[in-house]
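A.B. asks: Structure provided below as C-alpha cells; questions to follow.
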Amino acid sequence: MNQENKQRFFVKYIDKQLFIPEVVASLPVLDAMHKAGIDRINWPILTNANNFYVEIDKAILVLFNAFDALQSYDYSEEAFGSLLAKIHGITAKIEVPIPTEDYSYAYKDSFESRLEGILSSQLVTDEVTKKLKQILLKYEKRIRFEYDLFQSLTKQMIELDLPKVITHGDAGGNTLVKSPNDLYIIDWDSILLAPAERDTWIPSSKFFCWLQQSCSYFYAKQGKYRFLYSHVLFPFDGAIF
C-alpha cells in the first residue's frame, strides 16, 4: 500500500481468535521501541482515533510501516547479531507492559492425554488416527525422550532465572534484506520479555553457521558469554532416533 509521497505501508488482518491477544499486546511495545530509536522493525501506525488497531467484526486490522526489501536468509551474521543486541539493549527504556516468558506449556494436559489416548487406541476412531498411531509407535521412544528433555529444560530455565530482554522469538526467519548488512526484523507478534538466548536460533539450514559465527557476534555485543548450549547440545543414545 503506497501513499502519494511514495511512503509504503503494510496492512495486517488477523481473524484467528487465538492470535489476536498476542498481536494486540505487541503493538504498544513496538511503538515504544520505535520511539526509543529502533527503526529497523515494523511498528504500528496510529489510527485517527489514536488507537493501534481497528476492530472489524471479530477481527482486527493493523497498519504498519513497510520496507522496500525482500524476505531472505542471505544476510551478514554480524549485522544480524548486532541488530538483535541493540534491540535487547533498549529493554530498560521501554515503560509499557511487555508480555513475559513464564516457561509454561499451555498444551501440556491435552498433549499428554491425546498421546496416551492414541497409543492406547482409545482415541483411534478412523483411518487417519489409525495411521497416526502407527507413526507414534514407530517414534514413541524418541517422542518420550524429547518430551522429558523439554520438561527438564523448562525446570532448569526457571531455576536459572536469567535476566530478561525484549525478544522476537523467530527473528532469523522474519528478516527483510536489502543487502547483507542492511536488514530489518518484522512480524513481532510473539514478542516476549525473555532470556536473550530466545533469539539465538534460526532455521536449520544456517544452524551450524549460526553457532560458529552469529553467536560470537551476538555475545560480543552483549558484552558477556553465557554457555547455555550444554542444555541443548546434549549427548544422546543415537539408537533412540
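A.B. asks: Kindly check whether there is at least one residue in the range 126-133 that is over 19 Å from the mean Cα position of the chain (by Cα), at pLDDT below 90, charged (D, E, K, R) and not in a helix (DSSP H, G or I). Quick ask: steps written out before the conclusion?
C.D. replies: Just the residues of the range 126-133 that are over 19 Å from the mean Cα position of the chain (by Cα), to begin with: 126-133.
Still in the running and at pLDDT below 90: none.
No: zero hits.
A.B. asks: Could you check the range 65-112 and list, in sequence order, the residues that are assigned to a loop (DSSP other than H, G, I, E, B) and touching a helix residue (DSSP H, G or I) at 6+ places or on another chain (Cβ under 8 Å)?
C.D. replies: Within the range 65-112, Tyr73, Ile90, Ile94, Glu95, Val96, Pro97, Ile98, Pro99, Glu101, Tyr103, Tyr105 meet the criteria.
A.B. asks: Continuing with the same structure: Going by what's in this entry, would Glu95 be described as out of contact with any Asp or Glu (no Cβ under 6 Å at 6 or more places or on another chain), within 30 Å of Pro180 (Cα to Cα), in the same structural domain as Leu193 (by TED's automatic domain parsing) and of a type in the set (D, E, K, R)? I'd like the intermediate steps shown before the answer.
C.D. replies: Numbers: out of contact with any Asp or Glu (no Cβ under 6 Å at 6 or more places or on another chain): yes; within 30 Å of Pro180 (Cα to Cα): no; in the same structural domain as Leu193 (by TED's automatic domain parsing): yes; of a type in the set (D, E, K, R): yes.
No, not satisfied.
Quick grid of which residues meet (1) surrounded by 15 or more Cβ atoms within 10 Å (Cβ to Cβ); (2) more than 30 Å from Gln156 (Cβ to Cβ):
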| residue | (1), (2) |
| --- | --- |
| Asn50 | no, yes |
| Asp57 | no, yes |
| Phe64 | yes, yes |
| Phe67 | yes, yes |
| Leu70 | no, yes |
| Ala85 | yes, no |
| Pro97 | no, no |
| Glu101 | yes, no |
| Tyr107 | no, no |
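A.B. asks: For the structure I just gave you, tell me whether Ala66 is small (Gly, Ala, Ser), closer than 22 Å to Ala25 by Cα and in contact with a strand residue (DSSP E or B) (Cβ under 6 Å, 6 or more places away or on another chain).
C.D. replies: Numbers: small (Gly, Ala, Ser): yes; closer than 22 Å to Ala25 by Cα: yes; in contact with a strand residue (DSSP E or B) (Cβ under 6 Å, 6 or more places away or on another chain): yes.
It is true that Ala66 is small (Gly, Ala, Ser), closer than 22 Å to Ala25 by Cα and in contact with a strand residue (DSSP E or B) (Cβ under 6 Å, 6 or more places away or on another chain).
A.B. asks: Which of the residues spanning the range 9-24 are surrounded by 13 or more Cβ atoms within 10 Å (Cβ to Cβ) and in a loop (DSSP other than H, G, I, E, B)?
C.D. replies: Across the range 9-24, the qualifying residue is only Phe19.
A.B. asks: Cβ-Cβ under 7 Å, sequence separation 6+ or interchain: first residue in the range 37-54 and in the same structural domain as Ser26 (by TED's automatic domain parsing) and under 16 Å from Asp189 (Cβ atoms), partner of a type in the set (S, T, N, Q) and crowded, with 17+ Cβ neighbours inside 10 Å. Which pairs?
C.D. replies: Matching pairs, first to second residue: Asn42/Asn65; Trp43/Asn65.
A.B. asks: Quick one: Leu46 ticks every box in (1) assigned to a strand (DSSP E or B); (2) out of contact with any Ser or Thr (no Cβ under 9 Å at 6 or more places or on another chain); (3) aliphatic (A, V, I, L, M) bar one, so which box is it?
C.D. replies: Every listed condition holds for Leu46 apart from (1).
The values are calculated or read from the model by the stated rules, or taken from the named source; none is laboratory data. All values derive from a computational prediction rather than experimental measurement. When we count neighbours, we look across all protein chains shown, and the Cβ atoms used for this are built from the backbone with ideal geometry, even at glycine.
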